[in-house]
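Working notes, structure below.
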Amino acid sequence: MRLIFGLLLGVSVLGLAFWAYQENYRTRQALADNRALSREIGQLQEHLGVLKAEWAYLNRPERLRELSELNFERLRLLPMAPEHFGRLDQVAYPPRSVPIEPEIAIATPVAAATEQRP
């Protein structure tokens, strides 16, 4: 009996050691993946910062003004002025065809629906 108990104990210790070994390598792989993703996120954030800076540079008002003047014949863009804007009460809204609050259908309980069946 002691021999069987010793063998079972030895097999269970070997099984647990194998499981711990596998979990150790899975954890190391997960940490390496995490580091790689963090590195990639950092690079993408840096790239996004560069793109935002380029966008801000290309959308400078003086540059856009020059471009609109150079391409006036083709685009017919005018410089913005306060006279180009209106008041909110001057906007003609279409008539409202949908009710403000839609009706909500009241659902019948399932038990009541099954009782009514012939």
key: helices (runs of 4 or more DSSP H) fully within the stretch 1-106 counting 3 or more residues that are among the polar types (S, T, N, Q)   = 2-58
ask   = So is Leu44 at pLDDT 95 or above and touching a helix residue (DSSP H, G or I) at 6+ places or on another chain (Cβ under 9 Å) or not?
value = no
ask   = Are there any pairs with C-beta distances below 8 angstrom linking a residue in the stretch 40-59 that is surrounded by 10 or more Cβ atoms within 10 Å (Cβ to Cβ) to a residue that is not in a helix (DSSP H, G or I), with the two at least 6 apart or on different chains, and if so which?
value = none
note = Counting only residues that are more than 32 Å from the chain's Cα centre (by Cα) and closer than 30 Å to Ala81 by Cα, the stretch 17-63 contains a total of 2
remark   = For Met1, the lone unmet condition from (1) modelled with pLDDT under 95; (2) surrounded by 10 or more Cβ atoms within 10 Å (Cβ to Cβ) is (2)
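The values are calculated or read from the model by the stated rules, or taken from the named source; none is laboratory data. It should be emphasised that the depicted structure is a prediction, and the values quoted were computed from it without experimental measurement. Here the Cβ is made from the backbone with ideal geometry for all residues, glycine too, and neighbour counts use every protein chain on show.
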